[in-house]
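The values are calculated or read from the model by the stated rules, or taken from the named source; none is laboratory data. Please read all numbers here as calculations on a predicted model, not as lab measurements. Cβ coordinates were reconstructed from backbone atoms using ideal geometry, including for glycine residues, and neighbour counts include every protein chain displayed. Accessible surface areas use protein heavy atoms only, side chains included; no ligands, DNA or RNA. Shrake-Rupley method; radii C 1.70, N 1.55, O 1.52, S 1.80 Å.
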Amino acid sequence: DAQEDPPPHLADGNVVLSWLRAANLRDEMVDWATPAIVGRLEVIAGIESSFFDFSDTLVTFALSLRPMRAPAGSRLLIFAPWQWHFVSSSFAGGSNFPLFDDLGVLRCLDPRNLREAPVYAVRLSELVRATLPCQLNPNKQCVNEVAFTLRASTPPTPSNAERWRRESDQSWLLQIDSQAGEACGTGEALQLSQDLLLFSNDALVPGFTLKESLGQMAVRPEPGGQKSRQHVTVTVEFVMASALQLEGPTGGGGIFLRLAAVTGLEFAKGCLAAMPDPDYSACLGAGSVAVATVRERSFAGGDHRLGLSATNPPWTPGANWWTLETFAGVSFQEAQEGRFEHMRQRGRTQGYPVVHDLSAVLVPASTESAASMWLFLSIRPSAFVESLGFVELHAGQGVAIGCLPYILWITMPPGRCRTYSADSAWGIADAHFIVEIQMGAGGFLLPNNEYEFAVSATNPPVGAARHDCRWGVRLRSPLRAVQEANLDIPAYNLTQSGMTVMSLAPSTQAPYAKNEVRLMLRFAETLALNEIAEVRIMAPPGWDFQPLCNSFKDITGGCESKCLAQLPYSDVLGHHDCPRPNLLFLFLDQRRQIASGTYTLLVGALNPASAPLRNWWRVALLSAADNLGWRPEDAEADYSSGMRPGQRAVASAMSFGFDVGLRMGGVTPPPVPLKGEFFEVLSSAGVRRLCTPPLFGFAAAFATTLAAAATSGGAFPRGP
């Protein structure tokens, strides 16, 4: 028998070529261009929330290249599956990802179906190395993997989920090309150029299995329940598209709702707001997670509400998202773990903001590192705080505050004080000092009244971890219910100039009197004036420097005129100036330096009728101002914030001011007014001359006369 020839695919190449001749053709032969061979992209993808209707979920990618590297300047393209949408400016490089330029979301033709689709594009500024056989061991692959993330919106919930999964293409296509422009292709074309394609994963990432989403979810606190650390009832509203049903009459686990709130919020251990609840039999809270047990063996679709007891976080968190998940046929422990394979549905919504409605001002006596000083706090509540209520002062991290040696009860009702250290809330590790003041039996806070007190404080030392930028005050009732709070008071910046206010002493405390205030400043170390151009002395509102601006003196070292012991003034710039009634600027020669030591300054000022509530005298070292020229319309804007445009406070210090009044306390010797002093007391009854002798400097005489003038209304005779 004749032996049959082997089939063509088993013959060698020469036999095949000899067989492919025109004489052997049975049908037409056509030459086709083979597809371009490009590099291979190996992609591993993950998703944060694999549910429908999620408007902002995190998608993660890890990719490696074979068999070559991607050159710098290449473009990475991520094609969204059907009905997905990218969030602009959400691309973030991860492990080993090179520098890049975010080109944003483009609208290009998808090469799989030639339909217009969103494409996220980034330009690689550096090359991406390939995965290759290792040099020392070629049998082993040295993997070079880069990772990145972006945010996207998942598709809407389909009416027929099974058909949607069967018919929709949910694969992810990733490509790298060498297109130089920012458009999809050359010019304004929406189609990508396949000639410039370098790498592709051929859409081999199958996509994610999406589960049902809870629709129209909302979180609503009780009215007036948005204060910091306030105990409130929170209502969670949601809509279920399909029902949950346990199999069989008994057993099979239960139906549970798991609510994960924001960091810092704490659910009550028995977290149901109302007991008994018609829909839920029990609830267990643990930190910011609460698990509620559905009472029946079925949970119908439609609108639902869940009321829970919780304590608000201290402030509005950065990621203010609440997530609700449903479980059926699992144990309570499995529902509490919240594993994805056990979930049936998930919903997510924005939480409510924490309101900081208490008006509070924090003023340190010194911003120097490691300085021990008084810390002044002024509050203006809008609610009545009854007797035995509490005031909490929360310090920033690193700053030590306490009740010892004593509390300065300036206008604050006195009470008991204790100091302790604690975190702001569950899940927030920020241990800090807290001063708690409980008012006495006769003390209370009235609405729209300002109250001020001071506690001792110590700033963090040089080299310590940066102190937290958040301070806070909280007002509580005698039962510790939060009435008002402000946990968003900005902190002060620490300085290292060594400047402190040693003393602030007036020559007189009489209303409307010419006053000579002695201010003593101490510098612990010599300061170069490279960044310091001026010394600003700011009095509280009411004092007026301008009429007595020329009477300013620097008597450091006993000098009556200019000497080296004084501050390094700049006579070229004018020595000093009083541009506003309560502002005095000392101009410095930046070629010199401030030597360490104590400086004594005499500042002339007219006293107000009475001292203001925030009686704080401040001294600051200012940088040079911007040279913007001068225009008439800018004249009133200068010094509107205590500084000119471009200036900043390099260092600052503060001293509590003195009182203004007619009473002299105890055995304190009477003050000596300025020479040639005159002052007037005005009243609504009119002004009339008093029959009293003129004053020539005796404090007792002018104090008595001033008291008489205040009683009857009138003007004092002028001095010589």
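In µm²/s, what is D for region 414-494 at 25 °C and 0.890 mPa s, where D = kT/(6 pi eta Rh) by Stokes-Einstein and Rh is the Kirkwood radius from Cα pairs?
163 µm²/s
I need the phi-derived Karplus couplings for region 439-454: 6.51 cos²θ - 1.76 cosθ + 1.60, θ = phi - 60°, integer Hz, Gly and Pro marked x.
Per-residue couplings from phi come out as 5, x, 5, x, x, 7, 10, 8, x, 6, 10, 9, 10, 9, 8, 9 Hz.
Rounded, prolate or oblate for region 211-335? Axes are the square roots of the Cα gyration tensor eigenvalues, ordered a ≥ b ≥ c, and the cut-off for rounded is a/c under 1.5. Intermediate results must be reported in sequence, preceding the final value.
Numbers: a/c = 1.96, a/b = 1.74, b/c = 1.13.
Prolate.
Bin width 5 Å, origin at 0, all Cα-Cα pairs of region 529-595: what percent of pairs per bin?
Bin by bin from 0 Å, the calculated values are 4, 18, 24, 24, 19, 10, 2, 0.
Would you please classify the overall shape of region 458-541 from the alpha carbon gyration tensor, given that a ≥ b ≥ c denote the square roots of the eigenvalues, rounded means a/c under 1.5, and beyond that prolate means a/b larger than b/c while oblate covers the rest?
It is oblate, given that a/c is not under 1.5 and a/b is not larger than b/c.
Return the long-range amide H neighbours of Cys271 (sequence gap of 5 or more, or a different chain), with a cut-off of under 5 Å between placed amide H atoms.
Answer set, sorted by chain and number: Cys283, Leu284, Gly285.
Taking 1 over the mean of 1/r across every pair of different Cα atoms in region 323-377, what Kirkwood radius in Å do you get?
That comes to 16.4 Å for region 323-377.
Could you sort the peptides 435-446, 553-564, 498-509 by per-residue average Cβ neighbour count (10 Å cutoff), highest mean leading? Intermediate results must be reported in sequence, preceding the final value.
Details: 435-446: 16.2, 553-564: 12.7, 498-509: 18.4.
Answer by packing, highest mean first, reads 498-509, 435-446, 553-564.
Give the shape of region 481-637 as rounded, prolate or oblate, defined through the alpha-carbon gyration tensor: a ≥ b ≥ c are the square roots of its eigenvalues, a/c under 1.5 means rounded, and otherwise the shape is prolate if a/b is larger than b/c and oblate if not.
Rounded.
Between Ile410 and Ile555, what length comes free when the chain is fully extended (0.36 nm per residue of separation minus the Cα-Cα distance, one decimal in nm)?
Result: 49.0 nm gained on full extension.
Quick check for me: using +1 on Lys/Arg Cβ and -1 on Asp/Glu Cβ, what's the dipole size of the chain about its Cα centre, in debye to the nearest 20?
So the dipole magnitude of the chain works out to roughly 2800 debye.
I'd like the Karplus ³J(HN,Hα) series for region 558-565: coefficients 6.51, -1.76, 1.60, θ = phi - 60°, whole numbers in Hz, and an x wherever there's a Gly or Pro.
Going residue by residue, I get x, 7, 8, 9, 5, 8, 6, 6 Hz, with x marking Gly and Pro.
Once both axes come from the Cα atoms, what is the angle between helix 699-712 and the longest principal axis of the chain, in degrees from 0 to 90, rounded to 10?
The two axes meet at around 80 degrees.
How about Lys269: which lysines have a C-alpha closer than 17 Å to its C-alpha, ignoring those fewer than 8 places off in the same chain?
Partners found: none.
In region 298-399, with Lys and Arg counted as +1 and Asp and Glu as -1 at Cβ, which of these residues, Gln345, Thr311, Leu393, has the Cα nearest the positive end of the dipole, that is, farthest along it?
Gln345
Rounded to the nearest percent, how much of the accessible area of region 74-197 (1.4 Å probe, protein heavy atoms only) is carbon and sulfur? Don't skip to the answer; put the middle values down first.
Details: 3200 of 6590 Å².
The nonpolar share, carbon plus sulfur, comes to 49 percent.
What does the accessible area per residue of the chain come to in Å², with a 1.4 Å probe and no ligands, DNA or RNA counted? Before the final figure, lay out each step's value.
Details: 36510 Å² over 720 residues.
Per-residue value: 51 Å².
Cα centroids of region 183-251 and region 297-374: how far apart, whole angstrom?
One Cα centre to the other: 18 Å.
First compute the accessible area of region 433-517 with a 1.4 Å probe, then give the percent of it belonging to carbon and sulfur atoms.
53 percent
Students often forget the sequence filter, so: which lysines lie under 28 Å Cα-Cα from Lys514 once same-chain residues fewer than 8 apart are removed?
Output for Lys514: Lys553, Lys562, Lys675.
Once you treat every alpha carbon in region 123-260 as an equal point and sum by Debye, what is log10 I(q)/I(0) at q = 0.11, 0.16 Å⁻¹?
-0.84, -1.10
Karplus couplings for region 477-489 from phi (6.51 cos²θ - 1.76 cosθ + 1.60, θ = phi - 60°), rounded to Hz, Gly and Pro as x?
6, x, 8, 6, 6, 6, 9, 8, 7, 8, 9, 10, 7
Rounded to the nearest 500, what is the 222 nm mean residue ellipticity of the chain from helices alone, with -39500 (n - 2.57) per DSSP H run of 4+ residues and division by all residues?
The helix-only estimate for the chain comes to -1500 deg cm²/dmol at 222 nm.
For Ile47, enumerate residues with amide H under 5 Å from its amide H, sequence gap 5+ or separate chain, H modeled in the peptide plane.
Those lying under 5 Å, H to H, from Ile47 are Thr60.
Under the definition of Cα pairs under 8 Å and six or more residues apart, what whole-number percent is the relative contact order of the chain?
9 percent
How do 78-86, 126-134 rank on mean C-beta neighbours within 10 Å, highest first? Before the final figure, lay out each step's value.
Values: 78-86: 18.6, 126-134: 15.6.
For the peptides 78-86, 126-134, the packing ranking is 78-86, 126-134.
Report the charge-dipole magnitude of region 429-529 in Debye, nearest 20, computed about the Cα centre from +1 at each Lys and Arg Cβ and -1 at each Asp and Glu Cβ.
120 debye
Using only Cα atoms, what is the ratio of the radius of gyration of the chain to 2.2 N^0.38 Å?
Relative to the 2.2 N^0.38 Å estimate, the chain comes out at 1.43.
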